[in-house]
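The values are calculated or read from the model by the stated rules, or taken from the named source; none is laboratory data. Source: prediction; values computed, not measured. Neighbour counts run over all protein chains shown; Cβ positions are idealised from the backbone, glycine included.
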Amino acid sequence: MIQRIQSVFLFVAAIVTIILLFISIGDIYTAEAQYTFTCFNVHLPNGQVVMSTIYIALILILSACISIYAIFKYKDRMKQTRIVSINMLVFLIAIMLMIWVFPDFLFQRKGLMQEGDIFRFNYWIMIFVIPPVCMFLANRFIRKDERLVRSADRLR
């Protein structure tokens, strides 16, 4: 039963999560230099790595793997629901790191940003909204299937 709609939603969530790995999150404009913030590192335009942000990439890879794993747990719908819920939490942690923790705290602590420096998000990073929505819809359809199966069991 891999062809169910929730499997499609989970697959889309995994694909978009993998795409997020390769999109620049934003740019830091300082008086000295311009830095590019990606999921793997913060680097100068010439490619010199200034700070590693591999933790974000690892969390996104974990989220994509959990989505793929959840697709193949279609026989145990309750377990699949728990896996998708955990995956939503993992993905939201990655988003929190990308949007709040790294730009607001760690960049200032490492000296990459001072007051008056500008951090601009890449507009394409807004696709991070798609995976949690897909996971929510997948969870909803999994629960709907479970209710359908339980109601059919009562009729027998």
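Numbers at a glance
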read-out: Count of region 8-34 residues which are assigned to a loop (DSSP other than H, G, I, E, B), more than 19 Å from the chain's Cα centre (by Cα) and either in contact (Cβ under 8 Å) with a residue 24 or more places away in the chain or over 20 Å from residue 118 (Cα atoms) (or both); value: 2
read-out: Selection within region 18-34 - exposed (fewer than 13 other Cβ atoms within 10 Å of the Cβ) and within 25 Å of residue 63 (Cβ to Cβ); value: 22
read-out: Residue within region 35-55 that is part of a helix (DSSP H, G or I), buried (at least 18 other Cβ atoms within 10 Å of the Cβ) and not polar (S, T, N, Q) present; value: no
read-out: Any hit, region 140-151, residues being in a helix (DSSP H, G or I), small (Gly, Ala, Ser) and surrounded by 14 or more Cβ atoms within 10 Å (Cβ to Cβ); value: no
read-out: Positions within region 103-124 being assigned to a helix (DSSP H, G or I) and at pLDDT 80 or above, in sequence order; value: 123, 124
read-out: Counted residues, region 102-135 - those being out of contact with any Asp or Glu (no Cβ under 6 Å at 6 or more places or on another chain) and exposed (fewer than 15 other Cβ atoms within 10 Å of the Cβ); value: 17
read-out: Output for region 105-156, where each listed residue is within 19 Å of residue 75 (Cβ to Cβ) and not basic (Lys, Arg); value: 138, 139, 141, 142, 145, 146, 148, 149, 151, 152, 153
read-out: Close pairs (6 angstrom Cβ cut-off, 6 or more residues apart or separate chains): within 15 Å of residue 33 (Cα to Cα) and in contact (Cβ under 8 Å) with a residue 60 or more places away in the chain in region 113-126, in a strand (DSSP E or B) and charged (D, E, K, R) anywhere; value: 120/27
read-out: Residue in region 75-90 that is within 23 Å of residue 6 (Cα to Cα), at pLDDT below 90 and in a loop (DSSP other than H, G, I, E, B) present; value: yes
